[in-house]
Amino acid sequence: MKIITTIAEARDCVRASRRDGKRIGLVPTMGALHAGHGALIERAVAECDFVVVSLFVNPTQFAPTEDLARYPRTFEQDKAYCEKLGADVIFAPAAGEMYPQEQITWVTVEKLTDKLCGASRPGHFRGVTTVCAKLFNITTPDVAYFGQKDAQQAVVIRRMIADLNLPLEIRVCPIVREPDGLAMSSRNRYLSPDERQRAVCLHHALEHSRQRAAEGCRDAATLISEMQAIIENARGRIDYINIVDTETLESIARIGQPCLVALAVHIGSTRLIDNCILDLK
Ligand code: PAF
């Protein structure tokens with residue numbers, strides 16, 4: 001497995017693979033890899049001939065008040081994990097390589113980005129779409145792999161690819177959970193032992209909504225307020241809980257077609273997100 005830190009090397013190496021007729025897979029990550037990323041890499045390795053894992057803590061998707069400085073950086077472990085899973089290349093540029101001058105060109109997806117996480121993290125998705133567009137341009141993947149845990153991100157990237165006619169497909173892979181149900185996240189390592197126990201309330205709230213919908217509850221407001229009670233009981237501070245259309249991300253009042261139940265909750269000072277799809281069929 002090769003470690004590449006410059007855009008020029010990355011371009012050379014994907015160009016060579018493409019010349020050899022290889023199908024290129026990209027797994028974009030910010031490092032601090034866990035089994036959720038592992039599932040994306042495994043799928044990429046199974047479906048592609050040449051797999052690039054990018055490890056880049058993208059500064060433009062963090063607000064000044066957020067955790068850019070303390071975001072976990074675990075390069076040596078990430079390297080060993082990627083190697084074990086069969087990735088061909090790690091692309092780990094420095095911030096100055098990706099942003100050598102003031103970035104004044106941005107990719108912005110409208111409408112989908114002003115709700116859910118976008119409402120409390122203004123500018124976040126502009127940073128995500130811009131860095132993904134850069135990574136797609138640099139590594140020219142046939143397929144890029146994203147996790148369903150960042151459900152809104154997946155919807156936004158899918159729309160960017162469609163609207164800009166970018167020549168790649170995306171695969172969105174299921175959420176990977178700890179044995180007690182907590183969704184895997186690089187930020188879970190911020191949790192104290194007590195917070196770690198309480199953090200499972202996100203999963204419990206989602207499971208409650210699934211069960212209530214299966215029993216026949218169709219009123220989104222009722223489900224949301226019951227989920228709220230579960231989170232508050234675990235002393236979680238709710239950023240949002242919403243039930244939305246899976247494509248437009250508009251709130252829905254009645255559970256009908258498949259819909260996305262999404263939430264963001266602060267446990268202590270750590271903001272966690274999770275979601276599930278309710279499909280009554
Ligand atoms: O999901 C992430 O880890 C990041 O948002 C991504 C897609 C790697 C862009 O920095």
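The values are calculated or read from the model by the stated rules, or taken from the named source; none is laboratory data. These numbers were taken from a predicted model, which means no experiment stands behind them. Neighbour counts are summed over all protein chains in view; Cβ atoms, including those assigned to glycine, are modelled from backbone coordinates with ideal geometry. What goes into the accessible areas is simple: the full protein's heavy atoms, side chains included, and nothing from ligands, DNA or RNA. Shrake-Rupley method; radii C 1.70, N 1.55, O 1.52, S 1.80 Å.
So the values come out like this:
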| item | result |
| --- | --- |
| Cα centre as origin, Lys/Arg/Asp/Glu Cβ charges: region 1-150 dipole, Debye | 160 |
| For region 38-123: relative contact order, % (alpha-carbon pairs under 8 angstrom, 6 or more apart) | 39 |
| Aspartates and glutamates with Cα under 13 Å of residue 84, excluding same-chain neighbours fewer than 8 positions away | 42, 76 |
| Helix 151-163 vs. the chain, principal-axis angle (Cα, 0 to 90°, nearest 10) | 50 |
| Extension gain from residue 254 to residue 222, taking 0.36 nm per residue of separation minus the Cα-Cα distance | 10.5 nm |
| Extension reserve of the residue 74-residue 232 stretch, reckoned as 0.36 nm per residue once the Cα distance is removed | 53.6 nm |
| With every protein chain in place, the chain: carbon and sulfur % of accessible area (1.4 Å) | 50 |
| Neighbour count of at most 15 Cβ within 10 Å plus DSSP loop: longest GluC sites (Glu not before Pro)-free window in the chain | 111-214 |
| Between 0 and 90°, nearest 10: helix 35-47 axis offset from the chain longest Cα axis | 50 |
| Listed residue (36, 213, 51) projecting farthest to the positive dipole end of the chain, Cβ model | 51 |
| Cβ charges +1 (Lys, Arg) and -1 (Asp, Glu), total dipole of region 133-281, debye | 260 |
| Nitroxide proxy distance, nm - points 7 Å out along Cα→Cβ at residue 46 and residue 120 | 3.4 |
| Cα long-axis angle, helix 75-85 against the chain (0 to 90 degrees, to the nearest 10) | 90 |
| Label-point separation in nm, residue 281 to residue 102, each point 7 Å along Cα→Cβ | 5.1 |
| Residue among 264, 183, 94 with the largest mean-square fluctuation in a Gaussian network model of the chain, springs linking Cα atoms under 10 Å | 94 |
| Probe 1.4 Å, accessible area per residue of the chain, Å² | 47 |
| Most to least accessible of 1, 160 (protein chains only, probe 1.4 Å) | 1, 160 |
| Electrostatic dipole magnitude of region 204-267 [Cβ: Lys, Arg +1; Asp, Glu -1; Cα centre; debye, to 20] | 160 |
| In order through region 208-223: 3J(HN,Hα) via Karplus (6.51 cos²θ - 1.76 cosθ + 1.60), integer Hz, x for Gly, Pro | 4, 5, 5, 5, 5, 5, 5, 6, x, 5, 10, 8, 4, 4, 5, 4 |
